[in-house]
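**Q** I have a structure I would like to understand better, so I am pasting it below and will then ask my questions one at a time.
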Amino acid sequence: MEMYNVLALILGGGHGARLYPLTKMRSKPAVPLAGKYRLIDIPLSNCLHAGIDKIAILTQFNSVSLHRHIQRAYGRDMFAHGWVDILAAQQTTSGQAWYQGTADAIRQQLPEIRSAKTEFVLILPGDHLYQMDYQHFLRYHLETDADITLAVQPTERRLAPALGILKCDSEGRIVIYKEKPKLEELDGLESLPDMGKPFMASMGIYLIRTSLLAELLSSSGNDLAKDITPPTISKYRVMGYVFRNYWADIGTIRRYYEVNLELVAPNSPFDFNNPLRPIYTHARFLPPCEVYGAKLNDVILTDGGRIYDAEITRSVIGLRSIIRSNVTIHSSIVMGADYYESSAELAQNAQPNMPNIGIGEGTIIESALIDKNARIGRHVHVRHLPNRPDSETESWVARDGLVIILKNAIIPDGTVI
């Protein structure tokens, strides 16, 4: 399959408001995943495994750390045929506005898209977790003589109102599209006889000819799913490529938390250990993790950490995590740190009674997310309160029943949250 004729366009510019506060200081595709990766690594790895070597990432909001990660992890040498480019929102002589939505972002970058000189554009979300062979996706598009192909996945009735729902006919052609329909609007949108998952949900993945994409974007509308896709159903041959493997749209704090904990299970639905399809990321050259007398059960443990006699269950422990003695961590995500503190910095911390980066002695953390570089003191208790109302303080936020300790936060000794 000639994938050199495909430009992958990864959407990474949204505010990510539903993932706040993880997106307070970073863009959504830059949010850490499984302790050592970032969300953007998933579509980029899928592209590279499929042989797509022309990749552009549209960025706008809080994008500095995302740009830095892409440059460090995916820089191509002068002998490579392809490239990984960042298409940042910008003011030009033809337009002064920032991206107003997914369709507008692509519209503003049409000159760059055309300059890639590829026949097809593969549009990808930057915040989903899945492993798809885009070669099969292109083959299906060509074999069905499609004008546009959307990746779709069977889904349950209870989940349908949060998704774009498509009705496909017997040959796979999409005949109806409704973006986030109400429960009472679902009757008649079934595509499958399966009573468990009768509906087809859009995965936000599109394959389309470059020329047709430009034609569609000449009309008004800023959102690809709401404004551009629905009118195409009656005018063009729009096909649904059914993807039945694991797929997660990581759009909310609760879903982000659930997906990470799914990964720690022995029968995890997503395989990071596949030798044929590794997930690429920035190579940090960290030392191995050191564990001294700790009890670990169902834990993802990444590089560069130091764990003393703690008890950790069903949790993700990120890069450079320092977890001190008599700590208990349950059903939590500890993102680790961006750097190690030097001996001089540790000595300075002792003077004003500043906690060191990491988790202090005797601390208990239950069902929480600890963002990077957090300083959690001794005998802190982050409690699991399922009905906890949403709230926000200087150092932590409660959202969807979870406590999120902010990046660079300081939690003094003895604090109870």
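What follows is calculated from the coordinates using simple rules that are stated; it is not laboratory data. Remember, it's a predicted structure, so these values are computed and weren't measured experimentally. As a convention, Cβ positions derive from the backbone with ideal geometry for all residues, glycine included, and neighbour counts pool all protein chains shown.
**Q** Name the shape class, rounded, prolate or oblate, that the alpha-carbon gyration tensor gives for the range 333-390, where a ≥ b ≥ c are the square roots of its eigenvalues, rounded holds for a/c under 1.5, and otherwise prolate holds if a/b is larger than b/c and oblate otherwise.
**A** Verdict is prolate for the range 333-390.
**Q** Which of 108, 20, 80 sits farthest toward the positive end of the charge dipole of the range 3-263, with +1 on the Cβ of Lys and Arg and -1 on the Cβ of Asp and Glu?
**A** 20
**Q** Then there is this: By how many degrees, 0 to 90 and rounded to 10, does the Cα axis of helix 64-74 deviate from the longest principal axis of the chain?
**A** Result, in degrees: 80.
**Q** Can you work out ³J(HN,Hα) from phi for every residue in the range 340-348, in order, using Karplus 6.51 cos²θ - 1.76 cosθ + 1.60 and θ = phi - 60°, giving whole Hz and x for Gly and Pro?
**A** Taking θ as phi minus 60°, the curve returns 8, 7, 6, 4, 5, 5, 5, 5, 5 Hz for the range 340-348.
**Q** If you don't mind, there's one more thing I want to ask. Report Rg (one decimal) and Dmax (nearest whole number) for the range 1-93, counting Cα atoms only, units Å.
**A** 13.8, 42
**Q** Related question: How many Å³ per residue does the convex hull of the Cα positions in the chain occupy?
**A** 167
**Q** Just to be sure I understand the model, the point goes 7 Å from the Cα along the line to the Cβ. What's the resulting residue 244 to residue 162 distance in nm?
**A** Placing both labels 7 Å along Cα→Cβ, they lie 2.4 nm apart.
**Q** Computed over the Cα atoms of the range 112-169, what is the ratio Rg over Rh, Rh following Kirkwood?
**A** Rg/Rh: 1.01.
**Q** Only four residue types carry charge here, +1 at the Cβ of Lys and Arg and -1 at the Cβ of Asp and Glu. Report the dipole size of the chain about the Cα centre in Debye, rounded to the nearest 20.
**A** 440
**Q** Oh, and also: How much of the DSSP bridge set in the chain is antiparallel, in percent, rounded to the nearest 5?
**A** Of all bridge pairs located within the chain, approximately 35 percent are antiparallel.
**Q** Dipole of the range 291-411, Cα-centred, from +1 at each Lys and Arg C-beta and -1 at each Asp and Glu C-beta, to the nearest 20 debye?
**A** 140
**Q** Which is farthest toward the positive dipole end of the chain among 65, 161, 376, measuring Cα position about the Cα centre, with Cβ charges +1 (Lys, Arg) and -1 (Asp, Glu)?
**A** Highest projection toward the positive end goes to 376.
**Q** Give me the extension gain from residue 112 to residue 346: residue separation times 0.36 nm, minus the current Cα-Cα distance, reported in nm with one decimal.
**A** Computed gain between residue 112 and residue 346 is 79.4 nm.
**Q** Which order do peptides 370-380, 234-244, 271-281, 399-409 fall in by mean Cβ count within 10 Å, highest first?
**A** The most tightly packed comes first, giving 370-380, 399-409, 234-244, 271-281.
**Q** Right, something else. Over the range 290-411, what is the percentage of antiparallel beta bridges among all DSSP beta bridges, to the nearest 5?
**A** 15
**Q** Rounding to the nearest 20 debye, state how big the charge dipole of the range 63-174 is about its Cα centre with +1 on each Lys and Arg Cβ and -1 on each Asp and Glu Cβ.
**A** With Lys and Arg at +1 and Asp and Glu at -1, about 360 debye.
**Q** OK, next. Starting at the first residue of the range 377-392, write each ³J(HN,Hα) from the Karplus equation 6.51 cos²θ - 1.76 cosθ + 1.60 with θ = phi - 60°, in whole Hz, x for Gly and Pro.
**A** Once rounded to whole Hz, the list reads x, 7, 6, 7, 10, 9, 8, 8, 10, x, 9, 4, x, 4, 7, 8.
**Q** Also, quick follow-up: Rank the residues 194, 77 as a footprinting-exposure proxy: fewest other Cβ atoms within 10 Å of their Cβ go first.
**A** By the 10 Å Cβ count, ascending, the order reads 77, 194.
**Q** Check which residues have an amide H placed less than 5 Å from residue 37's amide H, if you skip close sequence neighbours.
**A** When sequence neighbours closer than 5 places are left aside, there are no close amide H contacts.
**Q** Multiply the residue gap between residue 391 and residue 71 by 0.36 nm, knock off their C-alpha separation, and tell me the result in nm, one decimal place.
**A** 111.6 nm
**Q** Okay, next question. Could you tell me which residue out of 98, 231, 49 lies farthest along the dipole of the range 3-263 toward its positive end? Charges go on the beta carbon: Lys and Arg +1, Asp and Glu -1, centred on the Cα centre.
**A** Positive-most Cα among the choices belongs to 98.
**Q** Additional query: Past the 20 Å Cα-Cα mark, which pairs from 178/226; 36/372; 167/226; 28/197; 54/180?
**A** 28/197; 54/180
**Q** Once you sort the root eigenvalues of the Cα gyration tensor of the range 290-411 as a ≥ b ≥ c, which label holds: rounded (a/c under 1.5), prolate (a/b larger than b/c) or oblate (the other case)?
**A** In terms of gyration-tensor shape, oblate.
**Q** By average Cβ neighbour count within 10 Å, what is the ranking of 32-40, 390-398, 59-67 from highest down?
**A** Final packing ranking: 32-40, 59-67, 390-398.
**Q** Let me ask something else about it. Before anything else, pin down the relative contact order of the range 3-263: Cα pairs under 8 Å, at least 6 apart, normalised by residue count, whole percent.
**A** The normalised contact order for the range 3-263 reaches 23 percent.
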